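Have a look at the structure below before the remarks.
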Amino acid sequence: MTDKKETIVELKALLASTYTLYLKTHNYYWNVTGPTFSALQILLETHYTELAMAVNEIAERIRALGAKAPGSYSEFKELSLIKESSGEPTATEMLRDLTSDQEIIAKLALKVVGAASAVGD
């Protein structure tokens with residue numbers, strides 16, 4: 001890929017993955033139970049609020065590069081490296097899952113930086 005196309009491709013994957021993580025985090029917020037319920041609700045609310053801000057910034061950058069930002073569930077499902085959760089995970093399993101997903105997001109963000117840097121963006 002040349003110029004900014006690779007950056008756009010990587011940004012779209014980052015957007016879809018970040019949005020999927022936002023949905024998963026909000027789902028966990030709604031469904032977390034246990035003795036640490038209150039503390040986890042605060043943590044998860046902070047997390048999904050920051051993810052909501054991040055998806056806007058990522059989408060705006062895609063638009064600034066001249067591409068259409070993906071915005072449907074079907075597009076996000078196709079592009080996302082974050083997978084939906086299934087079943088009824090415990091609070092500990094939720095935290096493990098979110099930690100693993102954040103590692104994926106960090107790696108995707110590094111790919112965006114690499115692609116953008118390669119073309120002087």
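The values are calculated or read from the model by the stated rules, or taken from the named source; none is laboratory data. As the structure is a computational prediction, the values presented were derived from the model and not from experiment. All Cβ positions, glycine included, derive from the backbone under ideal geometry; neighbour counts span all protein chains shown.
Can you work out which of the residues in the range 79-98 that are more than 18 Å from the chain's Cα centre (by Cα) and among the acidic types (Asp, Glu) is nearest to residue 8 (Cα to Cα)?
That would be 93.
Has the range 84-107 got at least one residue that is buried (at least 18 other Cβ atoms within 10 Å of the Cβ), in contact (Cβ under 8 Å) with a residue 60 or more places away in the chain and in contact with a Pro (Cβ under 9 Å, 6 or more places away or on another chain)?
Yes, the range 84-107 contains at least one residue that is buried (at least 18 other Cβ atoms within 10 Å of the Cβ), in contact (Cβ under 8 Å) with a residue 60 or more places away in the chain and in contact with a Pro (Cβ under 9 Å, 6 or more places away or on another chain).
(1) at pLDDT 95 or above; (2) over 22 Å from residue 118 (Cβ atoms); (3) of a type outside the set (Lys, Arg): which one isn't true of residue 87, the others all being true?
Residue 87 satisfies every listed condition except (1).
Go through the range 7-35 and give me each residue that's part of a helix (DSSP H, G or I) and of a type in the set (Ser, Thr, Tyr).
7, 17, 18, 19, 20, 22, 25, 28, 29
Kindly indicate which of 10, 57, 50 is among the acidic types (Asp, Glu), crowded, with 19+ Cβ neighbours inside 10 Å and at pLDDT 95 or above.
10
Listed here are the residues, each with its yes/no results for (1) acidic (Asp, Glu); (2) at pLDDT 95 or above.
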site: 2; (1), (2): no, no
site: 28; (1), (2): no, yes
site: 42; (1), (2): no, yes
site: 46; (1), (2): no, yes
site: 68; (1), (2): no, yes
site: 78; (1), (2): yes, yes
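Counting only residues that are among the hydrophobic types (A, V, I, L, M, F, W, C), give me the helices (runs of 4 or more DSSP H) lying completely in the range 36-121 with at least 3 of them.
The helices (runs of 4 or more DSSP H) meeting that bar are 37-64, 91-118.
Name every residue in the range 30-59 that is under 16 Å from the mean Cα position of the chain (by Cα) and more than 15 Å from residue 102 (Cα to Cα), in order of residue number. Steps first, please.
So the first thing to find is which residues in the range 30-59 are under 16 Å from the mean Cα position of the chain (by Cα), and the list is 44-59.
The answer is 45, 53, 56, 57, 58, 59.
What's the total number of residues in the range 5-27 that are without any contact (Cβ under 8 Å) to a residue 40 or more places away in the chain and in contact with a Phe, Trp or Tyr (Cβ under 8 Å, 6 or more places away or on another chain)?
Counting residues in the range 5-27 that are without any contact (Cβ under 8 Å) to a residue 40 or more places away in the chain and in contact with a Phe, Trp or Tyr (Cβ under 8 Å, 6 or more places away or on another chain) gives 2.
Which pairs do you get when a residue that is within 19 Å of residue 3 (Cβ to Cβ), found in the range 56-80, comes within reach of a residue that is at pLDDT below 95 and outside any helix (DSSP H, G or I), reach meaning Cβ atoms under 9 angstrom, with the pair 6+ apart or on two chains?
65/4; 65/121; 66/4; 67/4
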